[in-house]
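Novice: Sending over a structure as structure tokens; questions will come in a sec.
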Amino acid sequence: MGLQDVSGGICVTSSNSRRPNNVLWALRVALPDVRYTVTPPGPDGTTVRAHDGAASWVTLTTTRDDDHVLVREGGPRRLAAELLAAWDRWIDDGRIRLYDHGMTVTPNEQYVWAGDPDTGRRWSIPHPTRT
């Protein structure tokens, strides 16, 4: 995945924008506080909008040929960099599929794992606030 500035945004070479379910799941696991909205593919590509529920947002739009993604962002948090790092990690981990994940919850912790609950990669999930 290459990065370069493009009129106030970042142009990213994409490799999986046609089937985003696996990578979107991986992004949600890696950045559980970020919320996503995906616009179905159209004549101008696919648009993903994400925000952290506070003050930061990012918009990623594929080009018509699905070869690049234009990224625009705002707010104090660099969501584009975080999303791209999580995406790169997903690629480095072998593009783990949605259904190759599981979740373990114990009285002391909860986490999502990939591949194997004992030896696979893990992502810690914060406990919900108890009332």
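The values are calculated or read from the model by the stated rules, or taken from the named source; none is laboratory data. Predicted, not measured: the structure shown is a model, and the values here were computed from it. A quick note on method: Cβ atoms are made from the backbone with ideal geometry, for glycine too, and the neighbour counts reach across all protein chains shown. The protein model used for the area step is the full one, side chains on, heavy atoms only, and it has no ligands, DNA or RNA in it. Shrake-Rupley method; radii C 1.70, N 1.55, O 1.52, S 1.80 Å.
Novice: One residue is enough: does the range 82-92 have a residue meeting the conditions under 21 Å from N22 (Cβ atoms), in a strand (DSSP E or B), free of Cβ contacts under 8 Å to residues at least 24 places away in the same chain and among the charged types (D, E, K, R)?
Specialist: For the range 82-92, residues under 21 Å from N22 (Cβ atoms), in a strand (DSSP E or B), free of Cβ contacts under 8 Å to residues at least 24 places away in the same chain and among the charged types (D, E, K, R): absent.
Table: residues versus (1) of a type in the set (A, V, I, L, M, F, W, C); (2) surrounded by 16 or more Cβ atoms within 10 Å (Cβ to Cβ).
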| residue | (1), (2) |
| --- | --- |
| R49 | no, no |
| S56 | no, yes |
| T62 | no, yes |
| L83 | yes, yes |
| I91 | yes, no |
| Y99 | no, no |
| G102 | no, no |
| V105 | yes, no |
| Q110 | no, no |
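Novice: Follow-up. Restricting attention to the range 31-47, which residues are out of contact with any Asp or Glu (no Cβ under 7 Å at 6 or more places or on another chain), open to solvent by less than 40 Å² (accessible area, probe 1.4 Å) and within 23 Å of M103 (Cα to Cα)?
Specialist: Y36
Novice: Scanning the range 121-131 for residues that are β-branched (V, I, T) and over 28 Å from T47 (Cα atoms), which turns out surrounded by the fewest Cβ atoms within 10 Å (Cβ to Cβ)?
Specialist: Out of the qualifying residues, it is T131.
Novice: Of all residues being over 16 Å from N21 (Cα atoms) and among the β-branched types (V, I, T) in the range 35-60, which is modelled with the highest pLDDT? Just the residue, please.
Specialist: Filtering the range 35-60 for residues that are over 16 Å from N21 (Cα atoms) and among the β-branched types (V, I, T), the one modelled with the highest pLDDT comes out as V58.
Novice: Is there any pair with a first residue in the range 17-30 that is part of a helix (DSSP H, G or I) and a second that is modelled with pLDDT under 75 and not β-branched (V, I, T) whose Cβ atoms are under 8 Å apart and which are 6 or more apart or on different chains, and what are they?
Specialist: N22/N16; V23/N16
Novice: Here is a further query. What is the number of the single condition among (1) under 17 Å from W25 (Cβ atoms); (2) without any contact (Cβ under 8 Å) to a residue 60 or more places away in the chain; (3) open to solvent by 90 Å² or more (accessible area, probe 1.4 Å) that D118 does not meet?
Specialist: For D118, the exception is condition (1).
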